Amino acid sequence: MDVKHIKRVILGDPITIEEFIAVVRYGAQVEFSDEYCRRVQKSRKLLEQWIQQGRIMYGVNTGFGALCTQLITEEETIQLQKNILLSHAVSVGGPLTEEEVRATMLMVLQNLGQGYSGVRIEVLDMYRQFLNFRLTPFAPREGSVGYLSPEAHIALVLIGEGKAYLEGELLPGREALNRIGLKPITLTAKEGLSLISGTTGATALGALALYDMLKAATAADIIGAMTLEVLKGTIRAFDERLMMVRPHPEQTDTASNVRNILKDSTIARHFIDYRLQDALSLRCIPQLHGAAKKTLRDALRVIEIEMNSCCDNPILWTVDGEEDVISGGNADSSYVGIEMDSACIAATAIAKMSERRNNRLINDRLSEYPAFLISRPGLNSGLMIPQYAQAALLNDMKILSYPATVDNSPTCADQEDYVAMGYNAAKKAREAAEKLEYILAIELLSTYYAYQFIERDLSPGTASKAIVEQLSNMVPRAEEDIYLYPYIELLKEFIHSGEIIECVEQKIGQLK
(Lines give C-alpha, C1' and ligand atoms only; values in the text may rest on other atoms or scores of the structure.)
Protein backbone atom coordinates (compact mmCIF):
# COMPACT_ATOMS: atom_id res chain seq x y z
CA MET A 1 0.00 0.00 0.00
CA ASP A 2 1.22 3.50 -0.85
CA VAL A 3 2.37 5.12 2.40
CA LYS A 4 0.55 8.33 1.44
CA HIS A 5 -2.73 6.42 1.65
CA ILE A 6 -2.17 5.30 5.26
CA LYS A 7 -4.27 7.74 7.28
CA ARG A 8 -4.12 6.14 10.74
CA VAL A 9 -1.47 4.19 12.64
CA ILE A 10 -2.43 2.38 15.85
CA LEU A 11 0.46 1.78 18.23
CA GLY A 12 0.43 -1.43 20.21
CA ASP A 13 1.59 -4.05 17.73
CA PRO A 14 4.90 -3.77 15.82
CA ILE A 15 4.90 -1.07 13.15
CA THR A 16 6.58 -1.16 9.75
CA ILE A 17 8.80 1.43 8.15
CA GLU A 18 5.89 2.29 5.84
CA GLU A 19 3.65 3.11 8.83
CA PHE A 20 6.52 5.08 10.35
CA ILE A 21 6.85 7.16 7.17
CA ALA A 22 3.07 7.62 6.95
CA VAL A 23 3.13 9.34 10.35
CA VAL A 24 6.33 11.36 10.24
CA ARG A 25 6.26 12.47 6.59
CA TYR A 26 2.61 12.40 5.56
CA GLY A 27 0.80 13.17 8.83
CA ALA A 28 -1.11 9.95 9.47
CA GLN A 29 -2.94 10.18 12.80
CA VAL A 30 -1.57 8.21 15.77
CA GLU A 31 -3.74 6.23 18.17
CA PHE A 32 -3.00 3.90 21.10
CA SER A 33 -4.48 0.42 21.25
CA ASP A 34 -6.04 -0.87 24.47
CA GLU A 35 -3.08 -3.22 24.85
CA TYR A 36 -0.64 -0.31 24.51
CA CYS A 37 -2.38 1.56 27.34
CA ARG A 38 -2.69 -1.58 29.50
CA ARG A 39 0.99 -2.43 29.49
CA VAL A 40 2.07 1.21 30.06
CA GLN A 41 -0.28 1.48 33.04
CA LYS A 42 0.87 -1.87 34.45
CA SER A 43 4.52 -0.81 34.47
CA ARG A 44 3.62 2.54 36.06
CA LYS A 45 1.70 0.87 38.86
CA LEU A 46 4.66 -1.39 39.58
CA LEU A 47 7.06 1.56 39.68
CA GLU A 48 4.86 3.42 42.14
CA GLN A 49 4.71 0.37 44.40
CA TRP A 50 8.49 0.12 44.49
CA ILE A 51 8.87 3.83 45.22
CA GLN A 52 6.55 3.42 48.21
CA GLN A 53 8.63 0.45 49.37
CA GLY A 54 11.82 2.54 49.20
CA ARG A 55 13.53 0.40 46.56
CA ILE A 56 16.69 2.01 45.15
CA MET A 57 16.37 2.37 41.36
CA TYR A 58 18.74 4.10 38.94
CA GLY A 59 17.40 7.43 37.72
CA VAL A 60 14.35 7.21 39.97
CA ASN A 61 15.85 7.91 43.35
CA THR A 62 19.49 8.22 42.28
CA GLY A 63 21.42 10.69 40.17
CA PHE A 64 22.37 9.95 36.56
CA GLY A 65 25.49 8.54 34.93
CA ALA A 66 28.50 8.82 37.20
CA LEU A 67 26.19 10.38 39.82
CA CYS A 68 24.21 7.15 40.22
CA THR A 69 25.60 6.74 43.75
CA GLN A 70 23.87 9.96 44.85
CA LEU A 71 20.51 9.19 46.49
CA ILE A 72 17.51 11.44 45.80
CA THR A 73 14.74 11.90 48.35
CA GLU A 74 11.10 11.37 47.40
CA GLU A 75 10.51 15.09 47.81
CA GLU A 76 13.24 15.84 45.23
CA THR A 77 11.95 13.38 42.60
CA ILE A 78 9.93 15.89 40.58
CA GLN A 79 12.79 18.41 40.54
CA LEU A 80 15.17 15.63 39.43
CA GLN A 81 13.05 14.87 36.35
CA LYS A 82 12.86 18.54 35.38
CA ASN A 83 16.57 19.01 36.00
CA ILE A 84 17.54 16.20 33.67
CA LEU A 85 15.77 17.91 30.79
CA LEU A 86 17.25 21.32 31.54
CA SER A 87 20.78 20.05 32.00
CA HIS A 88 20.75 17.66 29.05
CA ALA A 89 19.22 19.98 26.41
CA VAL A 90 22.61 21.10 25.14
CA SER A 91 22.68 20.02 21.49
CA VAL A 92 23.55 23.01 19.30
CA GLY A 93 23.40 24.38 15.78
CA GLY A 94 20.59 24.31 13.28
CA PRO A 95 17.37 22.48 14.13
CA LEU A 96 16.32 19.00 13.17
CA THR A 97 13.73 19.09 10.40
CA GLU A 98 10.04 18.72 11.16
CA GLU A 99 10.00 15.11 10.00
CA GLU A 100 13.13 14.28 12.03
CA VAL A 101 11.54 15.61 15.22
CA ARG A 102 8.26 13.86 14.44
CA ALA A 103 10.20 10.66 13.84
CA THR A 104 11.97 10.99 17.19
CA MET A 105 8.69 11.54 19.06
CA LEU A 106 7.15 8.52 17.35
CA MET A 107 10.15 6.41 18.36
CA VAL A 108 9.79 7.64 21.96
CA LEU A 109 6.16 6.47 21.88
CA GLN A 110 7.26 3.11 20.54
CA ASN A 111 10.12 2.76 23.02
CA LEU A 112 8.18 3.67 26.13
CA GLY A 113 4.97 2.08 24.92
CA GLN A 114 6.46 -1.39 25.15
CA GLY A 115 5.51 -1.24 28.83
CA TYR A 116 8.92 -1.57 30.47
CA SER A 117 9.55 2.05 31.42
CA GLY A 118 7.12 3.08 34.16
CA VAL A 119 5.98 6.34 32.56
CA ARG A 120 2.38 7.51 32.76
CA ILE A 121 0.11 7.18 29.75
CA GLU A 122 -0.69 10.91 30.15
CA VAL A 123 2.89 11.80 29.25
CA LEU A 124 2.88 9.65 26.13
CA ASP A 125 -0.49 11.02 25.10
CA MET A 126 1.06 14.50 25.03
CA TYR A 127 3.51 13.36 22.34
CA ARG A 128 0.68 11.65 20.48
CA GLN A 129 -1.18 14.95 20.37
CA PHE A 130 1.97 16.80 19.28
CA LEU A 131 2.11 14.46 16.28
CA ASN A 132 -1.58 14.74 15.47
CA PHE A 133 -1.68 18.54 15.83
CA ARG A 134 1.66 18.87 13.99
CA LEU A 135 3.26 20.71 16.90
CA THR A 136 7.00 20.27 16.37
CA PRO A 137 9.45 21.01 19.19
CA PHE A 138 12.64 22.87 18.32
CA ALA A 139 15.67 20.60 18.70
CA PRO A 140 19.21 21.49 17.53
CA ARG A 141 20.74 18.60 15.61
CA GLU A 142 24.45 18.76 16.52
CA GLY A 143 26.08 17.33 19.63
CA SER A 144 24.72 13.89 20.45
CA VAL A 145 26.82 10.76 20.90
CA GLY A 146 23.79 8.50 20.68
CA TYR A 147 20.87 10.08 22.52
CA LEU A 148 20.01 12.55 25.35
CA SER A 149 20.39 16.09 24.02
CA PRO A 150 18.01 16.48 21.05
CA GLU A 151 15.49 14.36 22.93
CA ALA A 152 15.80 16.67 25.95
CA HIS A 153 15.06 19.74 23.80
CA ILE A 154 11.94 17.99 22.50
CA ALA A 155 10.79 16.95 25.98
CA LEU A 156 11.16 20.48 27.37
CA VAL A 157 7.99 21.47 25.52
CA LEU A 158 6.01 18.96 27.58
CA ILE A 159 6.72 21.01 30.69
CA GLY A 160 6.12 24.37 29.00
CA GLU A 161 9.79 25.11 28.40
CA GLY A 162 11.81 25.18 25.18
CA LYS A 163 10.37 26.20 21.83
CA ALA A 164 8.12 24.61 19.21
CA TYR A 165 6.92 25.20 15.66
CA LEU A 166 3.22 25.43 14.96
CA GLU A 167 2.00 26.22 11.44
CA GLY A 168 5.49 27.43 10.57
CA GLU A 169 5.79 29.83 13.53
CA LEU A 170 8.42 29.28 16.22
CA LEU A 171 6.81 29.84 19.63
CA PRO A 172 7.76 29.51 23.29
CA GLY A 173 6.83 26.02 24.47
CA ARG A 174 4.06 27.16 26.80
CA GLU A 175 2.41 29.29 24.12
CA ALA A 176 2.57 26.47 21.57
CA LEU A 177 0.83 24.16 24.04
CA ASN A 178 -1.82 26.75 24.76
CA ARG A 179 -2.65 27.15 21.07
CA ILE A 180 -3.56 23.48 20.73
CA GLY A 181 -5.43 23.40 24.03
CA LEU A 182 -2.82 21.62 26.16
CA LYS A 183 -1.26 22.55 29.49
CA PRO A 184 2.29 21.81 30.63
CA ILE A 185 2.63 18.51 32.44
CA THR A 186 4.62 17.89 35.62
CA LEU A 187 6.98 14.98 35.13
CA THR A 188 7.24 12.50 37.98
CA ALA A 189 9.54 9.60 38.85
CA LYS A 190 11.64 8.26 35.97
CA GLU A 191 9.73 10.13 33.25
CA GLY A 192 12.35 12.74 32.41
CA LEU A 193 15.02 10.05 32.17
CA SER A 194 12.88 7.75 30.01
CA LEU A 195 11.97 10.54 27.58
CA ILE A 196 15.61 11.10 26.67
CA SER A 197 17.03 7.60 27.08
CA GLY A 198 17.51 5.04 24.34
CA THR A 199 18.15 4.90 20.63
CA THR A 200 15.06 6.88 19.67
CA GLY A 201 16.84 9.74 17.88
CA ALA A 202 19.30 7.51 16.06
CA THR A 203 16.56 5.11 15.02
CA ALA A 204 14.35 7.98 13.87
CA LEU A 205 16.99 9.54 11.62
CA GLY A 206 18.22 6.15 10.49
CA ALA A 207 14.77 4.98 9.44
CA LEU A 208 14.18 8.16 7.44
CA ALA A 209 17.55 7.83 5.70
CA LEU A 210 17.07 4.15 4.97
CA TYR A 211 13.59 4.58 3.53
CA ASP A 212 14.93 7.18 1.10
CA MET A 213 18.01 5.11 0.24
CA LEU A 214 15.89 2.05 -0.57
CA LYS A 215 13.68 4.12 -2.87
CA ALA A 216 16.75 5.65 -4.48
CA ALA A 217 18.23 2.19 -5.09
CA THR A 218 15.11 1.18 -7.03
CA ALA A 219 15.17 4.50 -8.88
CA ALA A 220 18.80 3.76 -9.76
CA ASP A 221 17.69 0.54 -11.48
CA ILE A 222 15.26 2.55 -13.61
CA ILE A 223 17.72 5.32 -14.43
CA GLY A 224 20.56 2.85 -15.03
CA ALA A 225 18.36 0.87 -17.43
CA MET A 226 17.48 4.04 -19.33
CA THR A 227 21.14 5.02 -19.55
CA LEU A 228 22.00 1.55 -20.83
CA GLU A 229 19.28 1.99 -23.46
CA VAL A 230 20.44 5.38 -24.78
CA LEU A 231 24.12 4.38 -24.70
CA LYS A 232 23.38 1.42 -26.99
CA GLY A 233 24.40 -1.05 -24.31
CA THR A 234 23.86 -4.78 -24.55
CA ILE A 235 21.18 -6.43 -22.49
CA ARG A 236 23.13 -9.70 -22.70
CA ALA A 237 24.98 -8.80 -19.48
CA PHE A 238 21.61 -9.08 -17.68
CA ASP A 239 20.82 -12.59 -18.90
CA GLU A 240 18.98 -14.70 -16.35
CA ARG A 241 21.41 -17.59 -16.92
CA LEU A 242 24.33 -15.37 -15.95
CA MET A 243 22.57 -14.46 -12.73
CA MET A 244 21.85 -18.12 -11.93
CA VAL A 245 25.53 -18.98 -11.60
CA ARG A 246 26.00 -16.27 -8.96
CA PRO A 247 22.65 -16.44 -7.17
CA HIS A 248 22.64 -13.40 -4.91
CA PRO A 249 18.92 -12.54 -4.70
CA GLU A 250 19.43 -8.79 -4.97
CA GLN A 251 21.67 -9.17 -8.03
CA THR A 252 19.10 -11.45 -9.66
CA ASP A 253 16.28 -9.03 -8.84
CA THR A 254 18.16 -6.04 -10.22
CA ALA A 255 18.90 -7.80 -13.49
CA SER A 256 15.23 -8.78 -13.69
CA ASN A 257 14.23 -5.13 -13.18
CA VAL A 258 16.47 -3.97 -16.04
CA ARG A 259 15.25 -6.72 -18.37
CA ASN A 260 11.64 -5.90 -17.52
CA ILE A 261 12.15 -2.17 -18.11
CA LEU A 262 13.75 -2.79 -21.52
CA LYS A 263 11.80 -5.87 -22.62
CA ASP A 264 9.94 -4.07 -25.42
CA SER A 265 12.61 -1.54 -26.29
CA THR A 266 13.43 -1.52 -29.99
CA ILE A 267 16.54 0.48 -29.08
CA ALA A 268 17.82 -2.29 -26.81
CA ARG A 269 16.91 -4.96 -29.35
CA HIS A 270 18.62 -3.11 -32.20
CA PHE A 271 21.88 -2.58 -30.32
CA ILE A 272 22.07 -5.93 -28.47
CA ASP A 273 25.23 -6.86 -30.40
CA TYR A 274 26.54 -3.37 -31.01
CA ARG A 275 29.37 -4.02 -28.56
CA LEU A 276 30.78 -7.28 -27.34
CA GLN A 277 30.97 -5.89 -23.80
CA ASP A 278 30.06 -2.61 -22.13
CA ALA A 279 31.94 -0.63 -19.52
CA LEU A 280 31.53 -1.75 -15.93
CA SER A 281 29.22 1.13 -14.99
CA LEU A 282 26.68 -0.39 -17.40
CA ARG A 283 27.57 -4.07 -17.31
CA CYS A 284 27.74 -4.33 -13.51
CA ILE A 285 24.46 -2.64 -12.61
CA PRO A 286 23.07 -5.92 -11.18
CA GLN A 287 26.22 -6.63 -9.22
CA LEU A 288 26.78 -3.22 -7.65
CA HIS A 289 23.14 -2.22 -7.19
CA GLY A 290 22.49 -5.71 -5.86
CA ALA A 291 25.27 -5.53 -3.29
CA ALA A 292 24.07 -2.11 -2.15
CA LYS A 293 20.47 -3.31 -1.85
CA LYS A 294 21.60 -6.30 0.17
CA THR A 295 23.28 -3.97 2.66
CA LEU A 296 20.25 -1.66 2.78
CA ARG A 297 17.83 -4.55 3.29
CA ASP A 298 20.00 -5.93 6.08
CA ALA A 299 19.83 -2.48 7.66
CA LEU A 300 16.04 -2.42 7.27
CA ARG A 301 15.71 -5.66 9.23
CA VAL A 302 17.75 -4.17 12.07
CA ILE A 303 15.95 -0.82 12.00
CA GLU A 304 12.50 -2.42 12.15
CA ILE A 305 13.57 -4.51 15.16
CA GLU A 306 14.88 -1.35 16.82
CA MET A 307 11.69 0.56 15.99
CA ASN A 308 9.70 -2.01 17.94
CA SER A 309 12.05 -2.45 20.91
CA CYS A 310 12.47 -1.01 24.38
CA CYS A 311 15.84 0.71 24.62
CA ASP A 312 15.22 2.41 27.96
CA ASN A 313 17.45 2.09 31.03
CA PRO A 314 16.54 0.80 33.52
CA ILE A 315 13.64 -1.40 32.43
CA LEU A 316 10.84 -2.71 34.63
CA TRP A 317 10.16 -6.41 34.12
CA THR A 318 6.43 -6.78 34.74
CA VAL A 319 5.78 -10.50 34.26
CA ASP A 320 3.66 -11.67 37.21
CA GLY A 321 5.81 -13.40 39.81
CA GLU A 322 9.06 -12.25 38.14
CA GLU A 323 8.85 -8.49 38.71
CA ASP A 324 12.22 -6.77 38.69
CA VAL A 325 14.02 -3.58 37.77
CA ILE A 326 17.09 -4.13 35.58
CA SER A 327 19.81 -1.65 34.66
CA GLY A 328 21.81 -2.42 31.53
CA GLY A 329 22.84 -1.18 28.13
CA ASN A 330 19.84 -1.32 25.81
CA ALA A 331 20.26 2.41 25.18
CA ASP A 332 23.43 1.62 23.21
CA SER A 333 23.07 2.63 19.55
CA SER A 334 25.59 0.25 17.97
CA TYR A 335 23.01 -1.75 16.03
CA VAL A 336 21.63 1.37 14.37
CA GLY A 337 25.02 3.05 14.04
CA ILE A 338 26.88 0.21 12.34
CA GLU A 339 24.01 -0.36 9.93
CA MET A 340 23.83 3.34 9.08
CA ASP A 341 27.58 3.49 8.49
CA SER A 342 27.16 0.53 6.15
CA ALA A 343 24.16 2.18 4.48
CA CYS A 344 26.28 5.27 3.73
CA ILE A 345 28.82 3.06 1.98
CA ALA A 346 26.06 1.33 -0.01
CA ALA A 347 24.55 4.65 -1.07
CA THR A 348 27.95 5.97 -2.10
CA ALA A 349 28.57 2.86 -4.19
CA ILE A 350 25.34 3.48 -6.12
CA ALA A 351 26.28 7.15 -6.50
CA LYS A 352 29.77 6.48 -7.84
CA MET A 353 28.37 4.23 -10.56
CA SER A 354 25.71 6.81 -11.45
CA GLU A 355 28.35 9.51 -11.84
CA ARG A 356 30.39 7.27 -14.15
CA ARG A 357 27.35 6.48 -16.30
CA ASN A 358 26.60 10.18 -16.53
CA ASN A 359 30.18 10.83 -17.62
CA ARG A 360 29.68 8.38 -20.49
CA LEU A 361 26.50 10.20 -21.52
CA ILE A 362 28.10 13.63 -21.80
CA ASN A 363 31.48 12.55 -23.22
CA ASP A 364 31.09 12.55 -27.01
CA ARG A 365 33.99 10.11 -27.43
CA LEU A 366 32.04 7.54 -25.40
CA SER A 367 28.40 8.38 -26.12
CA GLU A 368 28.54 9.03 -29.89
CA TYR A 369 26.29 12.01 -29.22
CA PRO A 370 27.13 15.73 -29.40
CA ALA A 371 29.48 16.82 -26.62
CA PHE A 372 27.61 17.50 -23.38
CA LEU A 373 24.34 16.61 -25.12
CA ILE A 374 23.82 20.03 -26.66
CA SER A 375 23.34 20.74 -30.37
CA ARG A 376 25.97 23.48 -30.62
CA PRO A 377 28.75 22.65 -28.13
CA GLY A 378 31.32 25.41 -27.69
CA LEU A 379 28.91 28.28 -27.78
CA ASN A 380 26.90 26.23 -25.29
CA SER A 381 28.21 24.16 -22.35
CA GLY A 382 25.12 21.96 -22.24
CA LEU A 383 25.30 19.39 -19.46
CA MET A 384 29.00 19.83 -18.78
CA ILE A 385 28.74 21.34 -15.31
CA PRO A 386 26.06 19.16 -13.68
CA GLN A 387 28.69 16.41 -13.73
CA TYR A 388 30.94 18.74 -11.72
CA ALA A 389 28.14 18.96 -9.18
CA GLN A 390 27.98 15.16 -9.14
CA ALA A 391 31.73 15.00 -8.52
CA ALA A 392 31.43 17.40 -5.59
CA LEU A 393 28.42 15.58 -4.12
CA LEU A 394 30.22 12.26 -4.52
CA ASN A 395 33.23 13.67 -2.70
CA ASP A 396 30.90 14.63 0.16
CA MET A 397 29.43 11.13 0.16
CA LYS A 398 32.88 9.56 0.39
CA ILE A 399 33.56 11.68 3.47
CA LEU A 400 30.17 10.66 4.90
CA SER A 401 31.09 7.02 4.31
CA TYR A 402 33.81 7.18 6.95
CA PRO A 403 32.26 5.24 9.84
CA ALA A 404 31.17 7.19 12.89
CA THR A 405 30.95 4.05 15.00
CA VAL A 406 34.68 3.30 14.99
CA ASP A 407 35.30 6.45 17.03
CA ASN A 408 35.27 6.64 20.81
CA SER A 409 35.35 9.64 23.13
CA PRO A 410 34.59 8.64 26.74
CA THR A 411 32.03 10.75 28.59
CA CYS A 412 30.50 11.15 32.04
CA ALA A 413 33.74 10.94 34.04
CA ASP A 414 34.46 7.58 32.38
CA GLN A 415 31.19 6.01 33.52
CA GLU A 416 30.41 5.97 29.81
CA ASP A 417 33.90 4.92 28.76
CA TYR A 418 32.71 3.50 25.46
CA VAL A 419 30.33 5.53 23.27
CA ALA A 420 28.56 4.06 20.22
CA MET A 421 28.15 7.27 18.15
CA GLY A 422 25.06 5.81 16.48
CA TYR A 423 23.33 9.19 16.29
CA ASN A 424 26.10 10.68 14.16
CA ALA A 425 26.04 7.63 11.89
CA ALA A 426 22.30 8.10 11.35
CA LYS A 427 22.65 11.87 10.94
CA LYS A 428 25.20 11.54 8.16
CA ALA A 429 23.10 8.82 6.51
CA ARG A 430 20.38 11.44 6.10
CA GLU A 431 22.85 13.63 4.22
CA ALA A 432 24.08 10.73 2.12
CA ALA A 433 20.54 9.79 1.11
CA GLU A 434 19.79 13.30 -0.14
CA LYS A 435 23.07 13.58 -2.05
CA LEU A 436 22.41 10.23 -3.72
CA GLU A 437 19.05 11.55 -4.92
CA TYR A 438 20.76 14.59 -6.46
CA ILE A 439 23.41 12.48 -8.19
CA LEU A 440 20.74 10.22 -9.69
CA ALA A 441 18.71 13.28 -10.71
CA ILE A 442 21.65 14.62 -12.71
CA GLU A 443 22.13 11.27 -14.48
CA LEU A 444 18.41 11.25 -15.26
CA LEU A 445 18.68 14.76 -16.71
CA SER A 446 21.46 13.63 -19.06
CA THR A 447 19.58 10.48 -20.01
CA TYR A 448 16.50 12.53 -20.85
CA TYR A 449 18.56 14.85 -23.06
CA ALA A 450 20.20 11.86 -24.79
CA TYR A 451 16.90 10.40 -25.98
CA GLN A 452 16.47 13.30 -28.42
CA PHE A 453 19.46 12.03 -30.37
CA ILE A 454 18.20 8.46 -30.81
CA GLU A 455 17.40 7.41 -34.39
CA ARG A 456 13.79 8.25 -35.23
CA ASP A 457 12.86 4.72 -36.28
CA LEU A 458 13.82 3.31 -32.86
CA SER A 459 11.69 3.71 -29.75
CA PRO A 460 12.36 3.28 -26.04
CA GLY A 461 10.62 0.62 -24.00
CA THR A 462 7.21 1.28 -22.50
CA ALA A 463 8.68 2.08 -19.07
CA SER A 464 11.38 4.41 -20.44
CA LYS A 465 8.86 6.10 -22.69
CA ALA A 466 6.56 6.78 -19.73
CA ILE A 467 9.41 8.48 -17.86
CA VAL A 468 10.44 10.52 -20.90
CA GLU A 469 6.86 11.68 -21.44
CA GLN A 470 6.57 12.62 -17.77
CA LEU A 471 9.82 14.55 -17.89
CA SER A 472 8.76 16.39 -21.04
CA ASN A 473 6.19 18.16 -18.86
CA MET A 474 8.87 19.12 -16.34
CA VAL A 475 12.11 19.79 -18.22
CA PRO A 476 12.50 21.60 -21.57
CA ARG A 477 14.65 20.04 -24.27
CA ALA A 478 16.90 22.99 -24.85
CA GLU A 479 18.79 23.81 -28.03
CA GLU A 480 20.95 26.26 -26.09
CA ASP A 481 22.06 26.77 -22.50
CA ILE A 482 19.36 27.30 -19.89
CA TYR A 483 19.23 27.75 -16.12
CA LEU A 484 19.39 24.10 -15.02
CA TYR A 485 19.12 24.34 -11.23
CA PRO A 486 15.28 24.36 -11.04
CA TYR A 487 15.08 21.24 -13.20
CA ILE A 488 17.65 19.35 -11.14
CA GLU A 489 15.54 20.13 -8.08
CA LEU A 490 12.40 18.89 -9.85
CA LEU A 491 14.09 15.65 -10.86
CA LYS A 492 15.45 15.15 -7.35
CA GLU A 493 11.92 15.46 -5.97
CA PHE A 494 10.68 13.09 -8.72
CA ILE A 495 13.06 10.51 -7.21
CA HIS A 496 12.58 11.43 -3.53
CA SER A 497 8.79 11.21 -3.71
CA GLY A 498 8.92 7.78 -5.36
CA GLU A 499 6.98 9.13 -8.36
CA ILE A 500 9.58 7.74 -10.75
CA ILE A 501 8.93 4.25 -9.39
CA GLU A 502 5.15 4.69 -9.54
CA CYS A 503 5.42 5.88 -13.14
CA VAL A 504 7.27 2.72 -14.19
CA GLU A 505 5.23 0.27 -12.13
CA GLN A 506 1.99 1.56 -13.64
CA LYS A 507 3.31 0.37 -17.00
CA ILE A 508 5.17 -2.88 -16.27
CA GLY A 509 4.12 -4.00 -12.80
CA GLN A 510 5.97 -4.02 -9.49
CA LEU A 511 9.75 -3.87 -9.54
CA LYS A 512 11.74 -6.24 -7.36
Cα-based helix-to-principal-axis angle, 249-261 vs the chain, degrees rounded to 10: 50
For region 352-379 and region 162-222, distance of Cα centres in Å: 44
Inter-label distance, nm, simple model (7 Å from Cα along the C-beta direction), residue 76/residue 417: 2.7
Residues residue 376 and residue 18, FRET efficiency given R0 of 56 Å [Cβ-Cβ distance, rounded to 0.05]: 0.75
Ordering of 451-464, 234-247, 303-316 by packing [mean C-beta count within 10 Å, highest first]: 303-316, 451-464, 234-247
Percentage, to the nearest whole number, of Cα pairs in region 5-128 over 19 Å apart: 58
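Determine the order of 289, 153 by accessible area, beginning with the largest, at a probe radius of 1.4 Å.
153, 289
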Using θ = phi - 60° and Karplus 6.51 cos²θ - 1.76 cosθ + 1.60, couplings along region 39-55 (whole Hz; Gly, Pro as x): 6, 5, 5, 5, 5, 5, 4, 5, 4, 5, 4, 5, 4, 4, 7, x, 5
Kirkwood Rh and Cα Rg combined as Rg over Rh, evaluated for region 138-277: 1.32
Region 387-420 versus region 251-267: alpha-carbon centroid distance in Å: 37
Pairs from 398/512; 163/183; 465/507 whose Cα-Cα separation, in the structure shown, is over 18 Å: 398/512
At q = 0.11, 0.15, 0.18, 0.23 Å⁻¹, base-10 log of I(q)/I(0) for region 214-310 (Debye sum, equal scatterers on each alpha carbon): -0.35, -0.58, -0.78, -1.15
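Give me the percent of accessible area attributable to carbon and sulfur for the chain, probe 1.4 angstrom.
Carbon-and-sulfur percentage of accessible area, whole number: 51.
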Gained length - residue 48 relative to residue 474, 0.36 nm times residue gap less alpha-carbon distance: 147.3 nm
Per residue, in Å², the accessible surface of region 259-356 once ligands and nucleic acids are set aside, probe 1.4 Å: 44
q = 0.17, 0.21 Å⁻¹: log10 I(q)/I(0) that the Debye formula gives for region 46-199, counting C-alpha atoms only: -0.95, -1.38
Cα-based Rg / Dmax (Å) for region 373-512: 20.5, 74
Principal-axis tilt of helix 334-362 within the chain, Cα atoms, nearest 10 degrees: 20
Förster radius 22 Å - calculated FRET efficiency between residue 507 and residue 456 (Cβ-Cβ, nearest 0.05): 0.50
Nonlocal amide H pairs with residue 97, under 5 Å, H built at 1.01 Å: none
D_trans [Stokes-Einstein, Kirkwood Rh over alpha-carbon pairs] for the chain, 25 °C, 0.890 mPa s, µm² s⁻¹: 99
Extension gain from residue 363 to residue 90, taking 0.36 nm per residue of separation minus the Cα-Cα distance: 93.3 nm
Principal semi-axes in Å for region 378-442 [√(5λ), Cα gyration tensor, largest first]: 38, 10, 6
Solvent-accessible heavy-atom area per residue, rounded to whole Å², over region 393-512 at 1.4 Å: 47
Anisotropy class of region 100-174 from Cα gyration tensor, a/c 1.5 cut: oblate
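How big is the C-alpha Rg of region 260-317 next to the rule-of-thumb value 2.2 N^0.38 Å, as a ratio?
Numbers: Rg = 21.6 Å, N = 58, 2.2 N^0.38 = 10.3 Å.
Ratio of Cα Rg to 2.2 N^0.38 Å: 2.10.
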Distant-in-sequence amide H partners of residue 11 (H built 1.01 Å from N, under 5 Å): 31, 32, 33
Centre separation in Å (Cα based) which lies between region 39-115 and region 450-512: 50
Percentage of interatomic Cα-Cα distances in region 314-448 larger than 22 Å: 56
FRET efficiency for residue 388 and residue 241, using Cβ-Cβ distance with R0 set to 45 Å, rounded to 0.05: 0.65
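The values are calculated or read from the model by the stated rules, or taken from the named source; none is laboratory data. No experiment lies behind these values; they were computed from the predicted model shown. Quick reminder, even Gly has a Cβ in these numbers, built from the backbone with ideal geometry, and neighbours come from all protein chains shown. Accessible surface areas use protein heavy atoms only, side chains included; no ligands, DNA or RNA. Shrake-Rupley method; radii C 1.70, N 1.55, O 1.52, S 1.80 Å.
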